[in-house]
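A quick write-up on the structure given underneath.
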């Protein structure tokens, strides 16, 4: 597929004339001297490429607040390629724009060979993007299309791998830090498999006591042990015909490992205390944030089980290695929050995204979701402002300069700062203790009751920090 329409956004008519002459036989080229004109033309009939003077883009960025992945032009046409036009002396700005998401850059005065090479490369990219988008829409279910958006090469490869493995019955092992999205990937695989009409059962192995893990997975007969006053089906029975997701698989006991190995090898198991053999018709997806290979070397995890689980491993990168996806993730979370709370908040203050890109995100996507929800609850304007976010998530941004001027008393402003600190501290504390109140209270040197009151005041739920839901 070739480029058909190009818009040149510049106050320098000589650049537009030069590009028009070079491309006059193959591509329609139009001119806009300012952003409102460009926006109107693009809205009426979207262009394949917009070549924009870097100085104009910087002015737009200052007034509108945008990134190249979340630009007004991109919102009108997701395939549009934005190319920066800059002087040779200002080439560094062009390179910076490409790093931030621009499709390329041109020097002015324009040179015929550079323009032709750019257009040729852009045509190839456009053809590939259209083909991939068509394949994506054919395969991916509509409700998941937002989730699979990514500009990160590793994530694109992961989604391609999921597209390949989802229709099969192969066992999948999801690897990655807590909060990176392993649970979401497991659901993505299930809902695009041949078993999507059958149950999807999640088991968070790390939250189940060792004495109960076998019973939870495989069930038990009445009288099998003290307290077993009735027969109980296990999660494998509940997931029959569908998918079982075993999160934190590295925490299960040796006895449970043996029974799980039997399921993977022979497709059979039995309830605790039972004599009959049950057939397993379940697709297994396992996940861990630990190094299973290291656990195998230490004798903590069976080698044969590890190889059975490691048929199709997928390693999910932490958030700080896919920062180019922040705009997509923020958009998804805000959309969900608008549905949940109904405030209609449209986005973030333009300075926040830059601060987020400098933050390390130790809690990954889950941390991003949590802080956005709290900021959303506190926000009274149409956009989330820095004042409602933990200061450490905005390195390099000084409160009071990038945020609105304080319109409150010193005492109130001081209390707001204390609230932000307490929320940040408590969030980190619960992440560290996995939502357990007693050890968290000991670290904070307060009583569990005091800690519970603080959590309630800040709208924090300990359940969200337990190894229970991996988004």
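The values are calculated or read from the model by the stated rules, or taken from the named source; none is laboratory data. Worth saying up front: this structure is predicted, and the values here are computed from it rather than measured. Every residue, glycine as well, gets a Cβ built from its backbone with ideal geometry; the counts of neighbours run over all protein chains shown.
When the test is whether a residue is more than 30 Å from residue 245 (Cα to Cα) and at pLDDT 85 or above, residue 407 does not pass it. Kindly provide the set of residues from region 73-114 that are more than 36 Å from the chain's Cα centre (by Cα) and either closer than 14 Å to residue 9 by Cα or touching a residue at least 12 places away in the same chain (Cβ under 8 Å) (or both), ordered by number. Within region 73-114, 87, 88, 108, 109, 110, 112 qualify.
Checked against (1) assigned to a helix (DSSP H, G or I); (2) touching a residue at least 12 places away in the same chain (Cβ under 8 Å); (3) in contact with a strand residue (DSSP E or B) (Cβ under 7 Å, 6 or more places away or on another chain), residue 262 passes all but a single condition, namely (2).
Considering (1) surrounded by fewer than 16 Cβ atoms within 10 Å (Cβ to Cβ); (2) in contact with a helix residue (DSSP H, G or I) (Cβ under 7 Å, 6 or more places away or on another chain); (3) in a loop (DSSP other than H, G, I, E, B), the lone condition that residue 255 does not fulfil carries the number (3).
Looking only at region 97-113, count how many residues are in contact with a strand residue (DSSP E or B) (Cβ under 7 Å, 6 or more places away or on another chain) and over 30 Å from residue 323 (Cβ atoms). Result for region 97-113: 1. Among the residues of region 429-454, those identified as surrounded by fewer than 16 Cβ atoms within 10 Å (Cβ to Cβ), free of Cβ contacts under 8 Å to residues at least 12 places away in the same chain and part of a helix (DSSP H, G or I) are 432, 438, 439, 442, 448, 449, 450, 453. At pLDDT below 70, within 27 Å of residue 341 (Cβ to Cβ) and assigned by TED's automatic domain parsing to the domain that holds residue 346 - does that describe any residue in region 392-400? Checked region 392-400: at least one residue is at pLDDT below 70, within 27 Å of residue 341 (Cβ to Cβ) and assigned by TED's automatic domain parsing to the domain that holds residue 346. Could you go through region 129-137 and let me know if any residue there is under 20 Å from the mean Cα position of the chain (by Cα), assigned to a loop (DSSP other than H, G, I, E, B), over 30 Å from residue 253 (Cβ atoms) and at pLDDT below 90. Taking every residue of region 129-137 in turn, none turns out to be under 20 Å from the mean Cα position of the chain (by Cα), assigned to a loop (DSSP other than H, G, I, E, B), over 30 Å from residue 253 (Cβ atoms) and at pLDDT below 90.
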